[in-house]
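Comments concern the structure below.
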Amino acid sequence: MESQKQVIERLRTTFRSGVTLPLHFRLKQLQALLTLLEENETQILEALHKDLAKPKFEAVLSEIDMVVNDLCITINNLHSWIQPTYVNKNLATKLDDCFIRREPLGLVLIIGAWNYPLQLILAPLIGAIAAGNCAVLKPSEISKATEKILSELIPKYLSQECFAVVCGGAEETKLLLQNRFDHIFYTGSQAVARSILQAAAVFLTPVTLELGGKCPCLIFGRLDIKAAAKRLVWSKFFNVGQSCVAPDYVLCTTEIRDALLPAIADALTEFYSAQPQQSPDYGRIITHRHWDRLMELLHKSAGRVVIGGEGDRESKYIAPTVLVDVQESDALMEEEIFGPILPIITIKSLEEGINFINQREKPLALYPFSDDSQIVNTVLERTSSGGLCSNDGIVHMTLPGLPFGGVGASGMGSYHGRWSFETFSHRRGCMLRGWGLERIGMLRYPPYKERNLGWLRWATTTKKSSWGGCSVM
């Protein structure tokens, strides 16, 4: 059996051979990945249900179809994406070819997370393949069934000389990070991300960090309370709240809260019945350790439970739970919840809600709910977040045309669709010069003359244009 180092050296040798560069090879591997999903959907769904009790509906939407859509968009557009982008020239470079060439980075490392254990490995892999890289994949060991099926299927469908799966826990990951990679793509917690950055710094390896944070849902002004409650409940309790983009807490006035609570209760009953523990559409917490953490946070909270609160450790079940009278200093506000617990914090004004958001780390996603477009635009203009979706939750990440990623503590870099291809590509600025216009070129040579400097500045300087139809003062 190969050691990690042997696997890495083998893949690096393959990359240097140039085998991953041709468009035909990249498309062949992308098609093979698509075939993997098509031929093994049943086994994949079984693994996801074993790990997280994921309902088929949720698993197909968030794990399989998102990846399939990304694959199809990439396959359909890769020929155009790899074409050089030509740039504007000045007089001195008029006869030159000046363009941006997208080239693969080399050997990349992709470290996935357990909450969407298939999607969070395969979605970045699409970009790595499309850009012409070799890749080492490290699935989460916490989602054991999905880790196992990935380790079996990837070598079966993709080139074993270019792509490898490394299994194991924290120690195996630590050993992996002692090796040089040309890019590291990590999805997970902020705590582990700091260790990733420290390891990457040794080799000055560029990184993409897809982290989390406390994504706020700010509800203000006029709106359809019943529709808002349904969208909030769906996005919060999808995958039992174990989503980095799930609404983490709600900010609203007392009046909206009082109208929202019965609508939330109705939506929960409609979605999961009066007995959510018996519902086939409601999943489970990934491990007992994660269950313990969530229940401890709930017990520490000074907020008042108005919906749910029950749990069963043996089955890793936690009821959909809503709390009110939650204060800024509450235990539930100290860290990302990552579970089916929704605190509601009351505010008196839109200004107070915006200030509450801005006083904290920039979230991965922000959800303003309001029928008033001016309120939504005010939130958009006066806050910063990785992404924003008004009057709904999490659906923005399903559109491949939008870059998905964080800002500040919620991450760095982005992916999905073309953005994945760009993340794993080096944009090489190229200028192919001939021997023409030497009469202009010779003006740069010593001995320097004031007159030559004037001519060079005229030939190379970008002229200032008017702004907004007026001269810039």
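Listed values, structure above:
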read-out: Links that overshoot a 20 Å alpha carbon limit, given the list K144/K316; K50/K174; K54/K138; value: K50/K174; K54/K138
read-out: Dimensions (Å) - the stretch 53-168, Cα atoms, principal axes, largest first; value: 64, 30, 21
read-out: Nearest 10 degrees, 0 to 90: helix 288-300 Cα axis against the chain principal axis; value: 70
read-out: Gained length - S151 relative to L388, 0.36 nm times residue gap less alpha-carbon distance; value: 81.8 nm
read-out: For the chain, size of Cβ-based charge dipole, Lys and Arg +1, Asp and Glu -1, in debye; value: 2540
read-out: Simple label model, 7 Å out from Cα along Cβ direction - S279 to Q160, nm; value: 4.5
read-out: Using a Förster distance of 45 Å, the FRET efficiency for E270-L23 (Cβ separation, nearest 0.05); value: 0.40
read-out: Calculated on alpha-carbon atoms, Rg and Dmax of the stretch 27-69 in Å; value: 10.8, 34
read-out: Calculated Rg and Dmax of the stretch 369-415 using C-alpha coordinates, Å; value: 11.6, 32
read-out: Rounded to 10°, Cα long-axis angle of helix 254-272 versus longest principal axis of the chain; value: 90
read-out: The stretch 152-296, Cα convex hull volume normalised per residue, Å³; value: 193
read-out: The stretch 215-405: radius of gyration and largest Cα-Cα distance (Dmax), Å; value: 15.7, 48
read-out: Matching label, P(r) over Cα pairs in 10 Å bins from 0, in percent computed from the structure shown, candidates (i) 4, 14, 20, 23, 21, 14, 5, 1, 0; (ii) 4, 18, 25, 22, 16, 9, 4, 2, 0; (iii) 4, 12, 15, 19, 18, 14, 10, 7, 3, 0; value: (ii)
read-out: The chain: relative contact order in percent, alpha carbon pairs under 8 Å with at least 6 residues between; value: 19
read-out: Estimated FRET transfer efficiency when R0 is 35 angstrom, pair C430-E172 (beta carbons, to 0.05); value: 0.30
read-out: Packing-based ranking, highest mean first, of 385-397, 188-200 given that Cβ atoms within 10 Å are counted; value: 385-397, 188-200
read-out: Label-to-label distance, nm, for residues given as A459 and S195 (7 Å Cα→Cβ offset); value: 5.7
read-out: Qualifying trypsin sites (Lys or Arg not before Pro) in the stretch 30-102, DSSP loop, other Cβ atoms within 10 Å at most 14; value: K89, K94
read-out: The chain: angle of helix 119-130 to the longest principal axis, Cα-based, in degrees nearest 10; value: 10
read-out: FRET efficiency, 1/(1 + (r/R0)^6) with R0 25 Å, evaluated for A302 and E361 via beta carbons; value: 0.65
read-out: Mean Cα-pair separation over length for the stretch 215-405, i.e. relative contact order, pairs under 8 Å, 6 or more apart, %; value: 29
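Since every read-out is calculated from the coordinates, none of them should be taken as a lab result. Computed from a predicted structure; not experimentally measured. Ideal geometry is used to build each Cβ from the backbone, glycine not excepted, and the neighbour counts take in all protein chains shown.
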